[in-house]
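Engineer: Below are the structure tokens for one structure; questions will follow.
Derivation of every value follows stated rules applied to the coordinates shown; laboratory data play no part. Here the structure is a predicted model, which is why all the values come from computation and not from measurement. Neighbour counts run over all protein chains shown; Cβ positions are idealised from the backbone, glycine included.
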Amino acid sequence: MSLTVDFSNEVRDWIAHNLARGCAPDAIVEQLLAHGIAPELASAMVRAVSNALVHGMKMPEGRLTLGQTEPEYVPAPSRLPASAEFDADGRRIRVLARMQRPVVAVLGNVLDADECDALIEEARPRLRASTVVDPLTGEDRVADHRSSEGMFFGLGESPLIERIERRIAALTGKPVENGEGLQLLRYPVGAESTPHFDYLMPTNAANRASVARSGQRISTLIMYLNDVADGGETYFPHLGLSVVPQRGLALYFEYANDAGHTDPLSLHGGAPVVAGEKWIVTKWTRERRFVPAAQVAAYA
């Protein structure tokens, strides 16, 4: 039996704010209990907001129904071809491993050695301290937990970038224009990336505006540009899966279905580099043509 109760948007937004800044759900429930909210209702409030954030679902609006079935992410069929090898704009891509939920594939021969070296050399003079998007404001900031250097290539800015983008478009089945610019990152010894989602959670106006313009991010392709002497694996905490970086290898994963829901099992991070350094280049693909905020502002 379900029961519908009042759930103010102010309380909802306060819960979302604290979840986005990393507060444990149990700690938020304790704060609600301290303000006289009944235990069952406090837990349901936090659970409803958390589910909306991690599944990309609509937030409760003024009311909350208790006793509802928890949402279950239903993955769409993988956008990758089902074969062990496939052609991507003239290059034969090898599928080395697959997972169904979330959709994950380890791919070989995505880049050759010359392309890896050329990407590093084109990026090296443009590297700056890496930034991440603040989940509360949507603004870029330097993050202590990811002491890497990075830069973005413009779409089609060179013959090399244009060729790789065509290859990725063929691999993902989405047009080049749906991709964000390639991001290159260098991780020195000790640098890491703590677990995070690549999809955009609606915790700030910038993320909501970006999704409205271009749709949700639906997939990630991480291409490894060098062999790492020790450490630097890409890992999925919920899956017990890690991928060792090797030059020319790529990790592909999907996290959004046709209903616009997102998959919390896609949580992933980059382990600290223990020896040597790690160079990667990443492509995020959107549901629709990617329109950056700066382009909108230029025509405002």
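Engineer: What do you get for the angle between helix 25-34 and the principal long axis of the chain? Use alpha-carbon atoms, 0 to 90 degrees, nearest ten.
Structural biologist: For helix 25-34, the angle is close to 20 degrees.
Engineer: Given the C-alpha centroids of the range 16-86 and the range 240-300, what is the distance between them in whole angstrom?
Structural biologist: Their Cα centres are 22 Å away from one another.
Engineer: Among Ile222, Ile120, Ile15, which comes first, then next, by fewest other beta-carbon atoms within 10 Å? Let's see the in-between values first.
Structural biologist: On the way: Ile222 22, Ile120 16, Ile15 27.
Going from least to most buried by this count: Ile120, Ile222, Ile15.
Engineer: Something else now. Add +1 for every Lys or Arg and -1 for every Asp or Glu among the other residues with Cβ under 14 Å from the Cβ of Ala259, and state the total. Each step should come with its number before you reach the end.
Structural biologist: Working: positive: Lys58; negative: Glu72, Glu254, Asp258, Asp263, Glu287.
Surrounding charge for Ala259 is -4.
Engineer: What does the C-alpha gyration tensor say about the overall shape of the chain? Classify as rounded when a/c is under 1.5, otherwise prolate if a/b is larger than b/c, or oblate.
Structural biologist: Values: a/c = 1.84, a/b = 1.76, b/c = 1.05.
Prolate, since a/c reaches 1.5 and a/b exceeds b/c.
Engineer: With springs connecting C-alpha atoms under 10 Å apart, model the chain as a Gaussian network and identify which of Ala52, Ala16, Ala27 has the largest mean-square fluctuation.
Structural biologist: Top of the fluctuation ranking is Ala27.
Engineer: Using DSSP to define loop residues, name the trypsin sites (Lys or Arg not before Pro) in the range 59-113 whose beta-carbon has at most 16 other beta-carbon atoms within 10 Å.
Structural biologist: Passing both the DSSP loop test and the Cβ count: Arg79.
Engineer: Run lengths n ≥ 4 of DSSP H only: what is the helix-derived mean residue ellipticity at 222 nm for the chain, with -39500 (n - 2.57) per run over all residues, to the nearest 500? Could you put the intermediate results ahead of the total?
Structural biologist: Working: 7 runs with 80 residues, N = 300.
The helix contribution divided over the chain gives -8000 deg cm²/dmol.
Engineer: 5 Å is the cut-off here: which amide hydrogens, built 1.01 Å from N in the peptide plane, fall below it relative to Arg91, excluding neighbours closer than 5 in sequence?
Structural biologist: Result for Arg91 returns nothing.
Engineer: Using the Cα centre as the reference, give the magnitude of the dipole from point charges on the C-beta atoms of the range 3-66 (Lys, Arg: +1; Asp, Glu: -1; all else neutral), rounded to the nearest 20 debye. Mind dumping the intermediate values first?
Structural biologist: On the way: 5 positive and 7 negative charges, 39 e Å.
For the range 3-66, the charge dipole is close to 180 debye.
Engineer: Can you list residues from other chains, or at least 5 along the same chain, whose modelled amide H is less than 5 Å from the amide H of Gly56?
Structural biologist: For Gly56, whose amide H was placed from the backbone, the distant partners under 5 Å are Thr262.
Engineer: Take the Cα atoms of the range 15-74, find their three principal axes, and give me the spread along each one in whole Å, biggest first.
Structural biologist: 36, 26, 18
Engineer: Follow-up. Compare Ser83, Ser147, Ser130 in a GNM of the chain, Cα atoms joined below 10 Å, and give the one with the largest fluctuation.
Structural biologist: Ser83
Engineer: Which aspartates and glutamates, on any chain, are close to Lys283 with Cα under 14 Å apart, when same-chain ones fewer than 8 places away are left out?
Structural biologist: Of all the aspartates and glutamates, those that pass the test against Lys283 - Cα under 14 Å, at least 8 places apart if same chain - are Glu162, Glu165, Glu177, Glu180, Asp198, Glu254.
Engineer: Please list, in chain and number order, the residues 5+ apart from Glu192 or on another chain whose amide H is under 5 Å from its amide H, with Hs placed from the backbone.
Structural biologist: The list, which skips near neighbours in sequence, is Ser147.
Engineer: Residue-wise, which Karplus ³J(HN,Hα) couplings in Hz belong to the range 156-173, taking 6.51 cos²θ - 1.76 cosθ + 1.60, θ = phi - 60°, and x for glycine or proline?
Structural biologist: Those phi angles translate into x, 6, 8, x, 4, 5, 4, 5, 5, 5, 5, 5, 5, 4, 5, 5, 8, x Hz.
Engineer: What number, in percent, do you get for the relative contact order of the range 85-298 if the mean sequence gap of Cα pairs under 8 Å and at least 6 apart is divided by its residue count? Please list the in-between numbers first.
Structural biologist: Working: 470 pairs, mean separation 55.9, N = 214.
In percent, rounded to a whole number, it is 26.
Engineer: How far is the Cα center of the range 189-210 from the Cα center of the range 221-238, in Å?
Structural biologist: Here the two parts' Cα centres lie 18 Å apart.
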